[in-house]
Amino acid sequence: MNLIQLLRSEIQNKKVHSHDFNAGDVVTIKTSSLVNKKRKQVFKGICIAYKKNAQGGTILLRNVIAGEAVEQTFPLSSAFITEVHKVASKTKIKKSKLYYIRNKPMSHSRVA
């Protein structure tokens, strides 16, 4: 077994996140800071896109903070992500990528 296969198998064994969400769900992600490991940051937003791959994939979240729309991309295989929770789901979403929300008013992407 070469080094690349060994690293991939270690990453797959370390997976502790359950990814039971889709585009349109409200998701909270807790991350630890790069500088201060004790400090936890929480980002809550609507999942616009969820891309799956062998390493875990990425998730794109959108929320309105202080009147500005903020989008953040999180790699789910990152060591800095401590928790991923699905808070709520929207039932009438039929698309896998919700990029059209960017053109809608901010009230569509605001999460309480």
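Some observations on this one:
- Put simply, of GLN5, GLN55, GLN72, GLN12 the only residue that is modelled with pLDDT under 90 and either closer than 18 Å to ARG102 by Cα or touching a helix residue (DSSP H, G or I) at 6+ places or on another chain (Cβ under 9 Å) (or both) is GLN55.
- Meets criteria (part of a strand (DSSP E or B), modelled with pLDDT of 85 or more, surrounded by 14 or more Cβ atoms within 10 Å (Cβ to Cβ) and among the aliphatic types (A, V, I, L, M)) for VAL27: yes
- Inter-residue pairs, beta-carbon under 9 Å, first closer than 16 Å to ILE59 by Cβ and in region 92-112, second modelled with pLDDT of 85 or more and of a type in the set (Ser, Thr, Tyr), 6+ apart: SER96/TYR50; LYS97/TYR50
- Selection count where residues are over 18 Å from HIS108 (Cα atoms) and either in contact with a helix residue (DSSP H, G or I) (Cβ under 6 Å, 6 or more places away or on another chain) or touching a residue at least 12 places away in the same chain (Cβ under 8 Å) (or both), scope region 79-90: 7
The values are calculated or read from the model by the stated rules, or taken from the named source; none is laboratory data. What you see is a predicted model; the values in this text were computed from it and never measured. FYI the Cβ positions are ideal-geometry reconstructions off the backbone, even for glycines, and counts take in every protein chain you see.
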